[in-house]
Amino acid sequence: MKTAPCTARPTLGRGWHSVLAGIAVGVMAAAPALAYLGSRASRAEQRASRDPLTGISNRGTALQAFHNLAAGGHPPTVMFVDLDRFKQINDRYGHLAGDKLICTVAARLHRWAWDHDGLAGRLGGDEFILLIPDTSLTDAASAARDLRRAIAKPITVFHHRRHVISPSATVGVSTAAHNRNWTEALRAADIALYHAKRTRSGFAAFDPATVIPKVLANAAAQAATQ
């Protein structure tokens, strides 16, 4: 059974439109009018820029947004979001429930990003990325806690009967100081995410002085037990 996509649109936070003018996300801001005119080109742009399931930005759109911001001298803070226990939820309640979880979380991330002047995108599976204006490590920690609270509101799904699940997510953050390019930004955020999962802290920010030594120590300890 094919699941209908969510309705969230990959719009940006209120302050970034001038920075990102000219990319596909900017085109999306006019999507209703373009769709009304029946423009095939605009519909193709929408399909190319959106995640097909959730309707929010896809990986390519997030990548282009990052490049434009960095080229304009405003490299963003990158937040790598990974849903907790998604496979177990999907296996227990079925793929339709899993899709509803993905769509609901995507919509929450979209609203949160808008309120924080940023962009939310889906990388694939249960992984999402958020780009927000650069922050300090302290502010990044506060933002991650707020984001996790927004995600955690209960969701009702149906699998033979009604079930209420409480989603949660782990967040890895890389601030602009470590985001010279897209590859480095994702790597730094992924290392922070790995550390947060290992420590079950729910959140970690990339800091070469603290996070990397701990990650290496954890990897060495794991290898020693194998």
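Brief remarks on what is shown
- Of the residues examined, SER57 is not one that is modelled with pLDDT under 95, buried (at least 18 other Cβ atoms within 10 Å of the Cβ), in contact with a Pro (Cβ under 8 Å, 6 or more places away or on another chain) and not basic (Lys, Arg).
- ALA106 vs. criteria within 26 Å of ALA70 (Cβ to Cβ), part of a helix (DSSP H, G or I) and touching a Ser or Thr at 6+ places or on another chain (Cβ under 7 Å): yes
- Matching option when the condition is of a type in the set (Ser, Thr, Tyr) and farther than 16 Å from ARG85 by Cα, among SER166, SER174, SER201: SER174
- Residue match in region 142-155 (condition: farther than 30 Å from GLY94 by Cβ and without any contact (Cβ under 8 Å) to a residue 24 or more places away in the chain): yes
- Within region 70-105, tally of residues that are farther than 15 Å from THR156 by Cα, surrounded by 22 or more Cβ atoms within 10 Å (Cβ to Cβ) and aliphatic (A, V, I, L, M): 3
The values are calculated or read from the model by the stated rules, or taken from the named source; none is laboratory data. Keep in mind the model is a prediction, meaning the values are calculated, not measured. Counting neighbours? That spans all protein chains shown, and the Cβs are built from the backbone with ideal geometry, glycine included.
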